[in-house]
Amino acid sequence: MPTICVASQNPVKLRASLAAFQRVFPDQAFAVRGVDVESGVSDQPMSRRETLQGAFNRAANARAAQPNADYWVGIEGGIAETPFGMSCFAWVQVLGQAGRVGCGQTAVFFLPGEVAQLVRAGLELGEADDKVFGRVNSKQGNGAIGLLTDDAIDREAYYVQAVIMALVPFKNPQLRWDQARWLK
């Protein structure tokens, strides 16, 4: 049974990764395990590039920590300032055997001013959400998107589609895929 090593112990990221693999490869069973690794970026990435670098680093560090797995998944949430306000998103990097790489991104949504102000002051998004919404450890639950949509989309569902997008090269190995050359 192929093993998916997720670069996190967060149960939301573990469940989202397994759900995505099961949807893309419905005739295959997978084992999933998490490993705590460093992202090599800020605790709260503040740009698309830094967030993408964090996802790649997490996947690569998971591969180094668990080299016998078949797939390594890095999920990194980030924010970026835009003319419309502070946007929120996550990048997903999947590494596989024989150097295969896939990358996907979540949808983008905007944070309310109360949350954005706390993030600008130095809090991580999860901490800011907890403070504004009176929650505890929401990042291991429904996350900002769940809090803002009353769980119409929770954090797990939010990540599943991005992991699926990162699996496109694995679903279509007969096609040529450019690797993320700028990530070194």
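The values are calculated or read from the model by the stated rules, or taken from the named source; none is laboratory data. Because the structure is a prediction, the values reported are computed rather than measured. Cβ sites come from the backbone with ideal geometry, for glycine too, and all protein chains shown count toward neighbours. Accessible surface is based on the protein model in full, side chains and every heavy atom, while ligands, DNA and RNA are left aside. Shrake-Rupley method; radii C 1.70, N 1.55, O 1.52, S 1.80 Å.
Applying a threshold of 7 Å to beta carbon distances and a minimum spacing of six or more residues, or different chains, the list of pairs starting in region 84-109 at a residue that is within 20 Å of P2 (Cα to Cα) and ending at one that is of a type in the set (G, A, S) and open to solvent by 30 Å² or more (accessible area, probe 1.4 Å) reads V101/A180; C103/A180. Has region 89-97 got at least one residue that is open to solvent by 20 Å² or more (accessible area, probe 1.4 Å) and either within 30 Å of W177 (Cα to Cα) or hydroxyl-bearing (S, T, Y) (or both)? Checked against the condition, which is being open to solvent by 20 Å² or more (accessible area, probe 1.4 Å) and either within 30 Å of W177 (Cα to Cα) or hydroxyl-bearing (S, T, Y) (or both), region 89-97 yields at least one hit. Considering A7, A64, A20, A59, the condition of being small (G, A, S), crowded, with 22+ Cβ neighbours inside 10 Å and without any contact (Cβ under 8 Å) to a residue 60 or more places away in the chain is satisfied by A59 alone. D43 - would you say it is over 15 Å from L167 (Cα atoms), in contact (Cβ under 8 Å) with a residue 12 or more places away in the chain, in contact with an Asp or Glu (Cβ under 6 Å, 6 or more places away or on another chain) and open to solvent by 30 Å² or more (accessible area, probe 1.4 Å)? Against the criterion (over 15 Å from L167 (Cα atoms), in contact (Cβ under 8 Å) with a residue 12 or more places away in the chain, in contact with an Asp or Glu (Cβ under 6 Å, 6 or more places away or on another chain) and open to solvent by 30 Å² or more (accessible area, probe 1.4 Å)), D43 qualifies.
Across region 1-22, the number of residues qualifying as in contact with a helix residue (DSSP H, G or I) (Cβ under 6 Å, 6 or more places away or on another chain) and part of a helix (DSSP H, G or I) comes to 6.
Identify, from the list R23, R48, the residue that is of a type in the set (K, R) and within 22 Å of G143 (Cα to Cα).
Exactly one of R23, R48 is of a type in the set (K, R) and within 22 Å of G143 (Cα to Cα), namely R48.
So for region 29-39 (the condition being crowded, with 24+ Cβ neighbours inside 10 Å and more than 17 Å from R155 (Cβ to Cβ)), does at least one residue qualify? Looking for residues that are crowded, with 24+ Cβ neighbours inside 10 Å and more than 17 Å from R155 (Cβ to Cβ), one finds none in region 29-39, hence no. If V163 satisfies all but one of (1) within 24 Å of V24 (Cα to Cα); (2) open to solvent by 30 Å² or more (accessible area, probe 1.4 Å); (3) part of a helix (DSSP H, G or I), what's the number of the condition it fails? Against the list (1) within 24 Å of V24 (Cα to Cα); (2) open to solvent by 30 Å² or more (accessible area, probe 1.4 Å); (3) part of a helix (DSSP H, G or I), V163 comes up short only on (2).
Identify the residue in region 114-139 that is assigned to a helix (DSSP H, G or I) and in contact (Cβ under 8 Å) with a residue 40 or more places away in the chain and, among all such residues, is farthest from S87 (Cα to Cα). That would be K139.
Picking from residues in region 140-152 that are crowded, with 19+ Cβ neighbours inside 10 Å and closer than 18 Å to S87 by Cβ, the one that is modelled with the lowest pLDDT is G143. Residues G78, G122, G104, G74: which one is modelled with pLDDT of 90 or more and exposed (fewer than 15 other Cβ atoms within 10 Å of the Cβ)? The conditions single out G122.
How many residues are free of Cβ contacts under 8 Å to residues at least 40 places away in the same chain and either buried (at least 18 other Cβ atoms within 10 Å of the Cβ) or farther than 22 Å from G122 by Cβ (or both) when one looks only at region 46-56? Talk me through it step by step, then tell me what you get.
Of the residues in region 46-56, the ones free of Cβ contacts under 8 Å to residues at least 40 places away in the same chain are 46-47, 49-50, 54.
Pick out the ones that are also either buried (at least 18 other Cβ atoms within 10 Å of the Cβ) or farther than 22 Å from G122 by Cβ (or both) and you get 50, 54.
Selection size over region 46-56: 2.
Out of F109, F133, one residue alone is aromatic (F, W, Y) and in contact with a helix residue (DSSP H, G or I) (Cβ under 6 Å, 6 or more places away or on another chain). It is F133. Is it the case that region 100-108 has a residue that's over 25 Å from F21 (Cβ atoms) and touching a Pro at 6+ places or on another chain (Cβ under 9 Å)? Within region 100-108 (the criterion being over 25 Å from F21 (Cβ atoms) and touching a Pro at 6+ places or on another chain (Cβ under 9 Å)), the answer is no, since none of the residues qualifies.
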